[in-house]
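Okay, so here's the structure we're looking at.
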Amino acid sequence: MELTQNFVDPAYAEALDFFKKISPDQKGSQLLVKVKGKTVVDLAARVNPDSMTTVFSVSKALSALAIAKLVTDGKLDFEERVSSYWPEFAANGKAEITVRQMLSHQAGLIATDPQITVAMIHDDHAAATALAAQRPLWRPGSGFGYHGLTIGPLMSELCFRITGLTLQQFYDQEIRRPANADAYLGLPESLERRVTELDGDVVPPSAELAAKYPKSTAPQSGLASWGFGIVPFVALTNREGRAFGLPSAGGVASARGLAEAMQWAMGFGEAIPGVSRDVIEDMSQMQVYGYDLGLEQEHRSFGTIFQKSTPVIPFGSYRAIGHDGAAGALLYADPIGEIVFGYTVARFTYPGGFDREIQPIIDLIRKIATAN
Amino acid sequence: MELTQNFVDPAYAEALDFFKKISPDQKGSQLLVKVKGKTVVDLAARVNPDSMTTVFSVSKALSALAIAKLVTDGKLDFEERVSSYWPEFAANGKAEITVRQMLSHQAGLIATDPQITVAMIHDDHAAATALAAQRPLWRPGSGFGYHGLTIGPLMSELCFRITGLTLQQFYDQEIRRPANADAYLGLPESLERRVTELDGDVVPPSAELAAKYPKSTAPQSGLASWGFGIVPFVALTNREGRAFGLPSAGGVASARGLAEAMQWAMGFGEAIPGVSRDVIEDMSQMQVYGYDLGLEQEHRSFGTIFQKSTPVIPFGSYRAIGHDGAAGALLYADPIGEIVFGYTVARFTYPGGFDREIQPIIDLIRKIATAN
Amino acid sequence: MELTQNFVDPAYAEALDFFKKISPDQKGSQLLVKVKGKTVVDLAARVNPDSMTTVFSVSKALSALAIAKLVTDGKLDFEERVSSYWPEFAANGKAEITVRQMLSHQAGLIATDPQITVAMIHDDHAAATALAAQRPLWRPGSGFGYHGLTIGPLMSELCFRITGLTLQQFYDQEIRRPANADAYLGLPESLERRVTELDGDVVPPSAELAAKYPKSTAPQSGLASWGFGIVPFVALTNREGRAFGLPSAGGVASARGLAEAMQWAMGFGEAIPGVSRDVIEDMSQMQVYGYDLGLEQEHRSFGTIFQKSTPVIPFGSYRAIGHDGAAGALLYADPIGEIVFGYTVARFTYPGGFDREIQPIIDLIRKIATAN
């Protein structure tokens, strides 16, 4: 195993043992943990610690920091109606949907009919325009379902209506540059040389899943399978996908970059927080808990944009905020213990999501960080 | 097996094979499927294809078409409070309940205390009067539970307050006659000769279920068992039950009649829809999903009156609308594929509901109808 | 077995057989059942029938009677906002929370951060002051979770703001004294001689549970374990705990006392109800049903303060109101059958809760009481 052990604080030495056990056959993993603002674990296996890879839905945690900045600056109010910023959104029974509801997966806009195409997803406004015209797939407020792809265009259009910038532009200007972090929503061409592509063959969906995604654009089964629709994941991992940096799933980062962006925002230890602690605390409040109509899974929970730690994604205390990604990447911050945890993997299996292999490391960090 | 094979479109030939496998020991089955307005399957086994039988809760799908007509005509607004049409309904904390909530099983009126009798169910107003006076069994909006019997009197009184006609009268005038369909809510005496009674001995409830329904009128256990209360199903299947045509469970139809009523309303293919497509789309929006307090079952979901397709009743796409019946009958329409599916069985087992034996036919129809 | 058989109505003779089977190794049990106002079962094993013990969360049922009196007297309105009685409660996004929501475990105040101490719990206002300042742990209305300890200070402060009396004082004056019942929230020193302490060694939490409650005050895992926090149960069962009588968990009573307080309030048989029957009926309406975020358990349900009977706590009809306690004590009333049931145990195992050993007695009483 080709291991780059940059630093492991002796108090967290056991993390190295756990890290060595993570899938030795996968292309590469990076782990960067900070406690109270100081790096305590900085490891990489089979990959350069400064290389970057697509982190899929971990992008949502980066986007959430940009949204937090909008609220910190008084430009966005979570309790306001979306349509007050974006009038066209009021169509088809959506006039009363609040920003809070839209950003906690309650708006019933996990897809449109006919379904959104790759071309629309990789346009600054096309998918948002289609979503604004759509009737919610469920009565808003009656349930929630992961807006895996669509929360990206929704967040970006909201940002654009307020600032004149796409979410990628606003994030780059207000979060990534000040944080000086290798965590991009929209990767410049010049940095392509630092990209580690996902493991050769993206593992294709199983026969069962493939059956759910027929070539026809007509939704073939219930609500859930339709939500992930016809956008192939490879559209997010090619150069076009990296360049666009879809705010929901197209981010490219190293574990170091993820952790640095988050630490900059949270200001753990003696640092000055990049966004308001009050806003982050507000965003960490549980908005929904239960059966996710998009993922068809129980015990899912969201704050505002951020995932909440639950028995199926047990990454932290009740105050922890974070997001996992389709390939297993993870970024979270936990104010209890003042932990920041960034993890990337250069591999992709469907449906992916939370990577159980890092649970022992998560638990170890919490135990030690909160012990005194 | 005595099979009447009126027509099977060659593209759907496999449906015949599946149909032949359906319970050969049951009294009779009818199946009528239309795609894009054209009949593609028209089969009957051990029964005349034009005979009619009690379809139990499939009646709710017929009633739903009548309610859709009221909205199409601008006479009813789903977002309005029930009490604005029916002032007495405001009693006991129900002033704010909307028509939408009442018609999606959220109003907490699955029964009254003391319980509704057969005589009240078979009166145009008595059950509705009792329900209007009742305190909701749960805080409206805090959950939902199948109003198996009571949604009938509730719909009928709402219709009466608006039109001066019972739901049966309004349905007959506005849906059944224009559609020229053998699907009745209230069967004329003259058509009794075409009735196929349910299989001789109605299969009685199990000992366990019987224990739940003591002779005492006092509710003996939790909310759920009380909901179906003391109305024996035979009250719906005798001549009195057929004549009254309880809008929730007393309908009498052939599979042809069910499909013709639905096709007339939907206007698939080149036909003119009998009710507004916008209204149907609105009624197909998921209103509730989860644990049904009346059925004590997870993964139940309703639009407005109509059942939604879920893993426990997987009859169609996210846009499909329909209803199953206690004996296994089924009627649905799916705008994706433009499918109309009518099925009846002359058998009754408790608790009945969705008939798994027709799942292969449902899946086949969808696959072929949506293939191009 | 040392059994005190004060009275068993011949119609309920079988109850004696069941009672004899209850854990013969536990320190003591008392059972008092009334039907239509008359005692039908009065039993005690290994303990004096007039001795009293800590009944933990059964205290909430006693407190609920006091709250019912406040509403009966027109001093409290469940639909009013808490902040209209208690302005400081409006802090941190709680201005719109209604009394109803707070009293049905929906307010998201199962704990504060940092956590409430024993000293705060045993002060008339300190815990309430901390709770009033807290941000709700979930968006109020988005779910519910058992406020095992904290509903006590919340109820008491609400009572104090209205009456100038703590809930313990108001309960003693308005419920316990008129009912002349040995069921105390705050036990006078003079009655200490009648106390049966819980079985010698309070059974400690398992290793697994102990791991959830570290010495650190920092919440170590998700929302649920934090809710019960750092207050050891022994704080409720020592003299200080009995003297304070925390309205959520510090009550001290005999089974006779529990039943007498409840019968006085309900007025079954020919008695005059101590509180309005309308108010009790209103409080018995299901407010929430489903997954309890505090207990991490499905099929939990609350009316207003009172627990509802569900498959996991099957104590009565849909109209029954009651509460179980951590050690297994139980108090409920069921208007269907006019049953009052009081049960105590002088034992404590963690986490305790509903005692399955008395299920056969519960079922027997219902069957006979509702038979005619």
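The values are calculated or read from the model by the stated rules, or taken from the named source; none is laboratory data. The model shown is predicted, which means the values in this text are computed figures rather than measured ones. Cβ sites come from the backbone with ideal geometry, for glycine too, and all protein chains shown count toward neighbours.
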Identify the single condition in (1) farther than 27 Å from C:Met266 by Cα; (2) part of a strand (DSSP E or B) that C:Asp17 does not satisfy, given that it satisfies every other one.
-> (2)
Condition test on A:Gly152, is it modelled with pLDDT of 95 or more, surrounded by 21 or more Cβ atoms within 10 Å (Cβ to Cβ) and within 14 Å of chain B (Cβ to nearest Cβ)?
-> no
Scan the range A:107-120 and give yes if some residue there is touching a Phe, Trp or Tyr at 6+ places or on another chain (Cβ under 6 Å), within 14 Å of chain B (Cβ to nearest Cβ) and hydrophobic (A, V, I, L, M, F, W, C), otherwise no.
-> yes
Criterion: hydrophobic (A, V, I, L, M, F, W, C), part of a helix (DSSP H, G or I) and under 23 Å from the mean Cα position of the chain (by Cα) - qualifying residue of B:Ala107, B:Ala66 = B:Ala66
A:Leu137 vs. criteria within 14 Å of another protein chain (Cβ to nearest Cβ) and touching a Phe, Trp or Tyr at 6+ places or on another chain (Cβ under 7 Å) = yes
Those residues that are free of Cβ contacts under 8 Å to residues at least 60 places away in the same chain, in contact with a Gly (Cβ under 9 Å, 6 or more places away or on another chain) and among the basic types (Lys, Arg), I need them from the range B:51-106; list them, please.
-> B:Lys94
Evaluation of A:Pro273 against (1) buried (at least 19 other Cβ atoms within 10 Å of the Cβ); (2) away from every other protein chain (no Cβ under 14 Å); (3) of a type outside the set (A, V, I, L, M, F, W, C) (one fails), failing number | (1)
B:Asp278 meets each of (1) within 14 Å of another protein chain (Cβ to nearest Cβ); (2) in contact (Cβ under 8 Å) with a residue 12 or more places away in the chain with one exception, condition (2)
The range B:327-360 - residue that is away from chain A (no Cβ under 14 Å) and closer than 27 Å to A:Ser142 by Cα and, of those, surrounded by the most Cβ atoms within 10 Å (Cβ to Cβ) = B:Leu331
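Each row is one residue, and each column tells you yes or no for (1) under 23 Å from A:Ser83 (Cα atoms); (2) in contact with a Phe, Trp or Tyr (Cβ under 6 Å, 6 or more places away or on another chain); (3) crowded, with 21+ Cβ neighbours inside 10 Å; (4) in contact (Cβ under 8 Å) with a residue 40 or more places away in the chain.
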site	(1), (2), (3), (4)
A:His125	yes, no, no, no
A:Ser142	yes, no, yes, no
A:Arg176	no, no, yes, yes
A:Tyr184	no, no, yes, yes
A:Leu191	no, no, no, yes
Checking B:Thr370 against (1) more than 10 Å from chain A (Cβ to nearest Cβ); (2) farther than 30 Å from B:Ser142 by Cα, which test does it fail?
-> (1)
Restricting the search to the range A:37-68, which residues are buried (at least 24 other Cβ atoms within 10 Å of the Cβ) and of a type in the set (Lys, Arg)?
-> A:Lys60
For the range B:311-326 the number of residues that are crowded, with 19+ Cβ neighbours inside 10 Å and free of Cβ contacts under 8 Å to residues at least 60 places away in the same chain is 7
Failed item, numbered, when A:Gly241 is tested on (1) crowded, with 19+ Cβ neighbours inside 10 Å; (2) modelled with pLDDT of 95 or more; (3) out of contact with any Gly (no Cβ under 7 Å at 6 or more places or on another chain); (4) not in a loop (DSSP other than H, G, I, E, B) | (3)
For A:Tyr289, work out the one condition from (1) over 22 Å from A:Pro360 (Cβ atoms); (2) in contact (Cβ under 8 Å) with a residue 60 or more places away in the chain it doesn't fulfil.
-> (2)
With respect to B:Ala64, is the statement that it is modelled with pLDDT of 95 or more and of a type in the set (Gly, Ala, Ser) true?
-> yes
Hits in the range A:303-326 (condition: modelled with pLDDT of 95 or more, part of a loop (DSSP other than H, G, I, E, B) and more than 13 Å from chain C (Cβ to nearest Cβ)) = A:Ile305, A:Phe306
Any chance you could count how many residues in the range B:281-293 are surrounded by fewer than 24 Cβ atoms within 10 Å (Cβ to Cβ), more than 12 Å from chain A (Cβ to nearest Cβ) and not in a strand (DSSP E or B)?
-> 0
